[in-house]
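Written out below as structure tokens is the structure these notes cover.
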Amino acid sequence: MLRAYAAAPLTLRHVVEASAVGSLRVEPATPEDFPRIAELTGGVYRAEGSAPVEYQRELRDVAGRADRAELLVARDGGTVVGSVALVLAGEFGEITDSDEEAAFRMLVVDPAARGRGVGELLVRDCLDRARAAGKRRMVLSTDPSMRSAHRLYERLGFARLPERDWSPLPGVQLLAYGLAL
């Protein structure tokens, strides 16, 4: 049972920590996390068939990603169980149209930790950070086969932006979603 105390408003972070999913928390990644993030991201995308060979190098280039985005991890205790790259500025956002937009990329959750709210916690943290940075909209692109991710985005209020669907590589078509912040 969750208990809310009058002294502190109940936030998603409190709900997750107080529930049966353990002590999940989101924080900035450190260079020590990079090998685990590379293994997790490359492995999950490859296993789901969402990463052509040409994209595997980029998925495993965590240091390069950290130079172009705010790299966040979800931890359960001391174990990294998820990661995402939050893009507040620059071309790494790829589908951002203006300085008022933020994007997140390469959201990944360890298959052993799925169904515990890890992905939602990472997305909500990205939304909070984008709002704090003064952004007006969050955008993202996703593979059409990632149906569970689509359900998460839609449950959080994201809407399809079909006019912004795009193809980063021949034979790869990505769907765009957006959410006003």
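Entry note, the stretch 35-181: relative contact order of 18 percent, from Cα contacts under 8 Å with a spacing of 6+ residues. Rolling a 1.4 Å probe over the protein heavy atoms gives the stretch 82-181 an accessible area of 47 Å² per residue.
Here, P(r) means the percent of Cα pairs in each 5 Å bin from 0 to the largest distance; for the stretch 38-123 it is 3, 15, 23, 24, 21, 11, 4, 0.
In nm, what is the difference between 0.36 nm times the number of residues separating E58 and Q173 and their Cα-Cα distance?
That works out to 39.7 nm of additional length.
Computed on the stretch 23-181, the Cα convex hull volume stands at 106 Å³ per residue.
The values are calculated or read from the model by the stated rules, or taken from the named source; none is laboratory data. Just so it is clear, the model here is predicted, and its values are computed rather than measured. Each accessible area value is taken on the protein alone, full model and side chains, heavy atoms only, with ligands, DNA and RNA left out. Shrake-Rupley method; radii C 1.70, N 1.55, O 1.52, S 1.80 Å.
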